[in-house]
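Asker: I am attaching a structure below and will ask some questions about it afterwards.
Every read-out reported here was derived from the displayed coordinates using simple, explicitly stated rules and does not represent laboratory data. The structure presented is a predicted model; accordingly, all values stated were derived computationally and were not measured. Virtual Cβ from ideal backbone geometry, glycine too; neighbours counted across all protein chains shown.
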Amino acid sequence: MSLKWGLVILVAICNTAGDVLNADGMRHYGEISDFRPASLLRILPGILHNRYLLGGFAAMTISFLAFLSLLSIANVSFAVPATASSYLFETILAKYFLKEDVGARRWIAAVLVAIGVTLLEF
Amino acid sequence: MQNVSTQSQSRRKTAALACAVVAANVFGNLFLSHGMKDIGRLISGDPLAYLRTFANPWILVGVATLFGWMLLDLALLSRADLTFVLPVTASAYVLIAVAGHYWFGEAASVSRWIGIAIITLGATLAAETPPKTTEGLPEDLL
C-alpha cells in the first residue's frame with residue numbers, strides 16, 4: 001500500500017471516530033442557538049468536561065496532522081474527497097450508535113455522496 | 001401556528017449554519033493546500049516539524065479558519081443529526097474540487113464533474129429531510 005493511501009485510511013478512521021464522538025458529545029452538551037464568535041468559543045471549556053468531545057477532539061487532531069502530510073504529497077481535490085470515503089460507515093454508526101432515524105432518503109443521499117466522492121478521485 | 005413559525009425559523013437558522021460550515025471548510029482547506037504547496041513534502045514523526053509549518057501565513061490562516069469550522073460544525077451537530085450534517089456539508093467537496101481546478105489548475109476529468117453532480121443530488125436529498133430525528137441523550141434512547 002502506498003504512503004498516500006495509508007494516510008487517506010488514517011485520516012478517514014480518525015474522521016469517523018471524531019464525527020461520531022462529536023455528534024454524541026454535542027447531544028450531551030445541548031442545542032446551540034447563538035452563533036456569535038464569543039458564544040461559539042464558550043464550547044471550548046465544554047470540550048474539556050465532556051469525554052465524548054475530548055475523544056472527538058483527540059481523533060480530529062490526529063486526523064489534521066495526517067491530513068497536512070497528505071496535502072504535502074497529493075492535490076487538494078484528491079485529498080479532501082478521498083478522506084470522506086467513510087460516509088457509509090459513519091451512517092451505519094449513526095443509526096446504531098447514535099440511534100438516528102435514517103430513512104430511505106438519507107440512505108440514498110449517503111450512497112450518492114459516497115459514489116460521487118469516489119468519482120472525484122478519478 | 002406559532003409553533004410552525006418557530007420550527008421554520010429554527011430550520012432557516014440550521015441552514016444558515018450549514019452554509020457557514022461549508023464556507024469555512026472550503027476556505028480552510030484551500031488555504032492549507034496553498035501553504036503546503038509552498039512548504040513541500042512533510043512526512044515526519046516529529047510534532048515540531050508540523051508546528052514549524054505555522055510560520056507560513058497560508059497555513060496559519062488555514063488553521064485559524066479550520067478552527068472556526070470546528071466550532072461551527074459542533075454547533076451544527078448540536079442542532080442536527082450526523083446523518084443530516086454529513087451529506088449536506090458534502091457540498092464542500094464539490095466547491096473544493098471546482099476551486100482546486102480554477103485556483104491551482106488541478107486536472108478535472110469528466111468523471112470528476114459527474115461525481116460533483118451526484119454529490120449535489122445527494123446533498124439536496126438529505127437537505128429535504130428533518131435536521132433532527134432524535135430527542136434527549138443517546139443513553140435514553142437505548
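Asker: Springs between alpha-carbon pairs under 10 angstrom, Gaussian network model over chain B: which of B:GLY122, B:GLY105, B:GLY40 fluctuates most?
Answerer: Evaluated over chain B, the most mobile residue of the options is B:GLY40.
Asker: Sticking with this structure for a sec: Projected area of chain B, taken from the Cα convex hull and averaged over every viewing direction, in nm²?
Answerer: The directionally averaged projection comes out at 12.0 nm².
Asker: Kindly state, to the nearest 0.05, the FRET efficiency for A:ARG51 paired with B:PHE67, given R0 = 22 Å and r defined as their beta-carbon distance.
Answerer: 0.55
Asker: Quick one: among A:ILE43, A:ILE32, A:ILE62, which has the greatest mean-square fluctuation in a GNM of chain A with alpha-carbon springs under 10 angstrom?
Answerer: Its mean-square fluctuation being the largest, the pick is A:ILE32.
Asker: So for the pair A:ALA104, A:PHE35, with labels modelled 7 Å out along Cα→Cβ, what separation do we get in nm?
Answerer: 3.2 nm
Asker: How far is helix B:57-79 tilted, in degrees, relative to the longest principal axis of the Cα atoms in chain B, given as a value from 0 to 90 rounded to the nearest 10?
Answerer: Value to nearest ten degrees: 20.
Asker: Take the alpha carbon gyration tensor of region A:3-120, find the square roots of its eigenvalues, order them as a ≥ b ≥ c, and report rounded if a/c is under 1.5; if not, report prolate when a/b exceeds b/c, else oblate.
Answerer: oblate
Asker: Next question. Treating cross-link reach as a plain straight distance, find the lysines whose alpha-carbon is under 30 Å from the alpha-carbon of A:LYS99, omitting any fewer than eight places away in the same chain.
Answerer: Excluding near neighbours in sequence, the set is B:LYS13, B:LYS132.
Asker: Can you tell which of B:GLN7, B:GLY68, B:PHE84 lies farthest toward the positive end of the dipole of the protein assembly as shown, using +1 and -1 charges on the Cβ of basic and acidic side chains (Lys, Arg; Asp, Glu)?
Answerer: B:GLY68
Asker: Okay, helix-only estimate at 222 nm for chain A: each DSSP H run of n ≥ 4 adds -39500 (n - 2.57), divide by all residues, round to 500 deg cm²/dmol; what do you get?
Answerer: The helix-only estimate for chain A comes to -25000 deg cm²/dmol at 222 nm.
Asker: Helix by helix through chain A, keep the DSSP H runs that span 20 Å or more along the axis on Cα and average at least 1.0 on Kyte-Doolittle, and give those back in order.
Answerer: Helices passing the filter in chain A: A:51-73, A:104-120.
Asker: If Rh is defined by the Kirkwood formula over all Cα pairs and Rg also comes from Cα, what ratio Rg/Rh do you get for the protein assembly as shown?
Answerer: Result: Rg/Rh = 0.96.
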